[in-house]
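Each remark here refers to the structure printed beneath this line.
The values are calculated or read from the model by the stated rules, or taken from the named source; none is laboratory data. Remember, it's a predicted structure, so these values are computed and weren't measured experimentally. Cβ placement follows ideal geometry from the backbone for every residue including glycine, while neighbour counts extend to all protein chains displayed.
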Amino acid sequence: MLTNAQNLRSDAALASALRVSLARLTRRMRKQAAHHSLTPTQLATLVAVERHTAMTPGELAEHEKVQPPSMTRVIAKLEARGLLERKPHPTDRRQVTVSVTPQGAALLKEERLTKEAWLAQRLKDLTPEERATLRAAAPILEKLSTM
């Protein structure tokens, strides 16, 4: 019988193991979401707008890989909840930009704190060596996510 380390010697095996583990961890973290009843698409949209400060609806649709009419509906729902606001485009009067409201920023902060608290609790169950391995892997995982 092969050990886990032997099973992960090939890049394909490592890719498969990472895909499964990261997907499982992502699902578990989603379950820890703050109680705000946003859909994953709405939450991803809010995060994207926060990261980019202000975006046009078209830029946002392209960034999130959805059709513009779908993004328009998502923006309308977030705006109705007071989480996003539309403003005139600074250089093109035909367009608007969307930005996160203080209420939207507070919701995202609560979301992050809730998930980080859950994850911090899980980390306490690991050995110091396992936590050190994760500390070393974190920048590598970040690099993978931006390639």
(request) Kindly list the number of the only condition in (1) surrounded by fewer than 12 Cβ atoms within 10 Å (Cβ to Cβ); (2) aliphatic (A, V, I, L, M); (3) farther than 24 Å from Ser145 by Cα that fails for Leu83. (result) (1)
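Could we say that Leu78 is modelled with pLDDT of 95 or more and either in contact with a Cys (Cβ under 8 Å, 6 or more places away or on another chain) or of a type in the set (A, V, I, L, M) (or both) here?
yes
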(message) Testing His89 on (1) crowded, with 16+ Cβ neighbours inside 10 Å; (2) farther than 15 Å from Ala33 by Cα, one condition comes back false. Which one is that?
(response) (1)
(request) Would you please list the contacts, defined by Cβ atoms under 6 Å and residues six or more apart or on different chains, that run from a residue in the stretch 59-76 that is touching a residue at least 40 places away in the same chain (Cβ under 8 Å) and surrounded by 18 or more Cβ atoms within 10 Å (Cβ to Cβ) to a residue that is among the acidic types (Asp, Glu) and part of a helix (DSSP H, G or I)? (result) none
(message) Return the pair list, or none, for Cβ contacts closer than 9 Å from residues in the stretch 110-123 that are closer than 13 Å to Arg28 by Cα and touching a residue at least 24 places away in the same chain (Cβ under 8 Å) to residues that are in a helix (DSSP H, G or I) and of a type in the set (A, V, I, L, M), at least 6 apart or on different chains.
(response) Lys115/Met29; Trp118/Met29; Leu119/Leu25; Leu119/Met29
(request) Could you please find all residues in the stretch 98-107 being without any contact (Cβ under 8 Å) to a residue 60 or more places away in the chain and assigned to a helix (DSSP H, G or I)? (result) Pro102, Gln103, Gly104, Ala105, Ala106
